[in-house]
Amino acid sequence: AQTVTQSQPEMSVQEAETVTLSCTYDTSESDYYLFWYKQPPSRQMILVIRQEAYKQQNATENRFSVNFQKAAKSFSLKISDSQLGDAAMYFCAYRSGKKSSGDKLTFGTGTRLAVRP
Amino acid sequence: EAQVTQNPRYLITVTGKKLTVTCSQNMNHEYMSWYRQDPGLGLRQIYYSMNVEVTDKGDVPEGYKVSRKEKRNFPLILESPSPNQTSLYFCASSYRQGGGYSPLHFGNGTRLTVT
């Protein structure tokens, strides 16, 4: 079974600075997808960024980028120019590429990010 | 507006009193699922459905039931709730995209407290 580990329960960053959230995963599969979700106090689950394992290029969405190291099974999220609205719980998630696994996500335990003004 | 709608947002109940959390999506998605979120555990899948009348267990199905009689609806039923089912529940949907699936669309969550 796949597992996702987020080793930083809490992180803090100064507004306008850069922060990196860590995520590692364990799998024997070669075809899979990785995601970062943001959960603000409103409880919504908001997709931040998505990475296909077969793509070597790291995904980027505006101020959010990932460092995908397939051999090391690492998938960290970098937030540049942090804003107060970035304060939230961030979840890393894994999805198998096997059709039999459906659309199931395996989540990490989350990292709570605080942004200091 | 494309969305997944869960009701209620908050629910407080007592042990053993049957309850249903509703979930509806207006995007014609084939796939729907339920997750529960607990501190220190992240989100875990309870049940999923790949289409009408097709449901299967996820990682933590004990104490829950689901049904998929219509494509848009996927209710979560707790026949005899217990305090260990106190949690934040999310419904989600997706569709086939390319060789895989779209990202999950989540509802806004239901906070359930069982006393």
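Here are some notes:
- Note on B:4, B:54: ascending count of other Cβ atoms within 10 Å places them as B:54, B:4, the fewest first.
- Distance histogram in 5 Å bins (all Cα pairs of segment A:14-56, percent per bin): 5, 14, 19, 23, 20, 10, 7, 2
- Alpha carbon centroid spacing (whole Å) that separates segment A:73-117 from segment A:43-72: 9 Å
- Here segment A:27-41 is scanned for amide nitrogen atoms under 19 Å from the site 7 Å beyond the Cα of residue A:55 along Cα-to-Cβ, giving A:30-38.
- Per-residue Cβ neighbour rank within 10 angstrom, fewest leading, A:89, B:27, A:11: B:27, A:11, A:89
- Residue-wise HN-Hα coupling along segment A:60-75, computed from phi with Karplus coefficients 6.51, -1.76, 1.60 (Hz; x: Gly, Pro): 9, 9, 6, 7, 9, 9, 10, 10, 9, 10, 5, 5, 8, 6, 10, 8
- Ordered by the number of other Cβ atoms lying within 10 Å of each residue's own Cβ, fewest first, B:87, A:101, A:7 fall into the sequence A:7, A:101, B:87.
- Exposed loop sites were defined as GluC sites (Glu not before Pro) in DSSP loop states (anything but H, G, I, E or B) carrying at most 15 other C-beta atoms within 10 Å; in chain A the longest segment without such a site runs A:30-117.
- For residue A:15, distant residues with modelled amide H under 5 Å away: A:116
- Sequence-distant residues sharing a close amide H with residue A:109 (under 5 Å, placed H): A:6
Any read-out appearing in this document is the output of simple, stated calculations on the displayed coordinates, not a laboratory observation. Given the structure is predicted, the values throughout are model-derived calculations rather than measurements. Every residue, glycine as well, gets a Cβ built from its backbone with ideal geometry; the counts of neighbours run over all protein chains shown.
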